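Student: Just passing along the structure, written as structure tokens.
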Amino acid sequence: ALLSYQTAWLKAHYPSAFMAAVLSSDMDKTDKVVTLIDECASLGLEVEPPDVNHSQYRFTVAGELKIRYGLGAVKGMGQAAVEALTRERERAGPFTSIEDLCRRLDLQRVNRRALEAMIRAGCCDGLGANRATLMARLPAAMQLGEQSTRAVDAGQVDLFGLTAGAAARTAGAATAEIEDWPAAVRLAGERETLGLFLTGHPIAEYESELGALTNGRL
């Protein structure tokens, strides 16, 4: 009874912190996470998408009524990979592009599968025009990242005195933007990597038609 009273008090007075803690404790159980995110909505809490420049391994408080999705809840992201990412972010600041991300991370720890999962989950939305463009740029970004690592290990720089990392950033800036995935593909990627549709729902585009049918206008 005492424990129930204490948890109810925390939930009532500190809902963001309470729900972030509960989500973190069950983040390896997708069905439970879905239920808890629905509960967050009923409490008026906004669950913000995962972000390579803001998220931690666990769910965290992002504001009075906001929770930031934890990178550890992204399928394909192990704890070692997330810790390597957050350490590098703390050491050298935010990541600026997909090329910068690949240049600065140990690609043996954060491999292609993990990077693709982060793009599909929306973790890298702040690093490029859209998810389709980020995915198209990923192979070249990884190749440049591997070249940069080899160059640093060998103590070498490339032609004109540019480091491999600088070349990666230049190549990324020159890459043409491509059309984003359709909403259905984008949301399917979220469901695959997060276990739920976080930024929308596949039937949302049909809601106006359903509403018109309900009101007898069609």
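Student: With only Lys, Arg, Asp and Glu charged, each at its Cβ (+1 for the first two, -1 for the last two), find how big the charge dipole of region 1-120 is about the Cα centre; round to the nearest 20 debye.
Tutor: 320
Student: I've got another one for you. What would the Debye equation give as log₁₀ I(q)/I(0) for region 1-86 at q = 0.10, 0.16, 0.27 Å⁻¹, counting only Cα atoms as equal point scatterers?
Tutor: Values returned for q = 0.10, 0.16, 0.27 Å⁻¹ are -0.24, -0.60, -1.35.
Student: To continue, here is another question. Among 56, 41, 18, whose Cα sits farthest toward the positive end of the charge dipole of region 1-56 (+1 at Cβ of Lys/Arg, -1 at Cβ of Asp/Glu, about the Cα centre)?
Tutor: With unit charges placed on the Cβ atoms, the residue in question is 18.
Student: At what distance in nm do the modelled label points of residue 28 and residue 113 sit from each other, each positioned 7 Å from its Cα along Cα→Cβ?
Tutor: 1.6
Student: On a straight-distance basis, which lysines could pair with residue 29 in a cross-link, Cα separation under 16 angstrom, same-chain partners fewer than 8 positions away excluded?
Tutor: Straight-distance partners of residue 29: 75.
Student: In Å, the Kirkwood hydrodynamic radius of region 49-158 over pairs of distinct alpha carbons?
Tutor: Hydrodynamic radius (Kirkwood, Cα pairs) of region 49-158 is 14.2 Å.
Student: Let me ask something else. Per residue, how much accessible surface does region 59-100 expose to a 1.4 Å probe? Answer in Å², no decimals.
Tutor: The answer is 43 Å² per residue.
The values are calculated or read from the model by the stated rules, or taken from the named source; none is laboratory data. A quick note: this is a predicted structure, and the numbers were derived from the prediction, not measured. FYI the Cβ positions are ideal-geometry reconstructions off the backbone, even for glycines, and counts take in every protein chain you see. Surface areas here come from the heavy atoms of the whole protein model, side chains and all, with no ligands, DNA or RNA. Shrake-Rupley method; radii C 1.70, N 1.55, O 1.52, S 1.80 Å.
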